[in-house]
Amino acid sequence: MGVEVLSVSVDSVFAHKMWDDHELSKMVTAGAIPYAMLSDQDGRIGRMYGVFDERSGTNARGRFIIDPDGTIQAIEVLTPAVGRNIHETIRQIRAFQKVREAGGAQVMPAGWKPGKTTLTPGPELVGNVWRVWKVSEAFED
Amino acid sequence: MLDDFVPGCQRPPMTAQKAPAIEAPVAEKAPVSSRGLPSATAPEAIATTRCPHVGEPAPQFTASAYLGGKFVEASLSEYMGKWVLLCFYPGDFTFV
């Protein structure tokens, strides 16, 4: 997919190493975390992205999809107790990549995945989405 | 302090760190509902952050990082021209 991952928490790089060495390495098939684990000990980066919680001194589970121009395309922020859905993140990235490949000439309807119907905006599509796209596509895997 | 800890993956709220400690007001306990989920943020607690919006340039940053057994400096600008998934999380060794 050609996506670079960056993770950010308020922990030190030393804590990142310990976490990777002692726990994450046992959980990932690569044997070690393959992306940069950034240290945001003063919460500076978290504040810039609006995810730093001043009360707990930690960053919420913020997720930002940034395109090759450096533009934010998607944001998701969760409080700490619930984890993310990686499949949904991958789906969104694929959809944004498809839009970019088409130069914006195609858009991805609800629930779009590779292989599903894309839409071509234009005068002839106005009022006619129902002819080319079924609501059931949004619910099907 | 331990009484303030909410089971889950949050850390205990930070107490006021400003010296002298005797004069410092006790840090406000993070509002947590009976179900363990954070409740609405008190207005005074949200003043310091501004959320970037979709369609805007991602704020640039440089920070120390751990990557492949090494300590390095990482900047978002190095990733210009690539898709980037930027993920924040509360802390190492949290459970979720």
Report yes if A:Asn85 is in contact (Cβ under 8 Å) with a residue 40 or more places away in the chain and not aliphatic (A, V, I, L, M), otherwise no. no
Exercise for the section: Answer yes or no as to whether A:Arg63 is touching a residue at least 24 places away in the same chain (Cβ under 8 Å) and within 15 Å of the chain's Cα centre (by Cα). Expected result: yes
When the range A:25-41 is checked residue by residue, the ones that are more than 20 Å from the chain's Cα centre (by Cα) and either surrounded by 15 or more Cβ atoms within 10 Å (Cβ to Cβ) or not β-branched (Val, Ile, Thr) (or both) are A:Ser25, A:Lys26, A:Met27, A:Ala30, A:Gly31, A:Ala32, A:Gln41
For this session: Inspect all residues belonging to the range A:103-116 and state whether any of them is away from chain B (no Cβ under 12 Å), buried (at least 18 other Cβ atoms within 10 Å of the Cβ), in a loop (DSSP other than H, G, I, E, B) and not charged (D, E, K, R).
Result: yes
Notebook entry, point to check: Yes or no: A:Val99 more than 8 Å from chain B (Cβ to nearest Cβ) and either surrounded by 15 or more Cβ atoms within 10 Å (Cβ to Cβ) or of a type in the set (Lys, Arg) (or both)?
Noted result: yes
Restricted to the range A:117-141 and to residues being surrounded by 12 or more Cβ atoms within 10 Å (Cβ to Cβ) and among the charged types (D, E, K, R), the residue farthest from A:Lys98 (Cα to Cα) is A:Lys134
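Every number here is computed from the coordinates shown, using simple stated rules; none is lab data. None of the values given here were measured: they were computed from a predicted structure. Because the Cβ atoms are built from the backbone with ideal geometry, glycine has one as well, and the counts that use them run over all protein chains shown.
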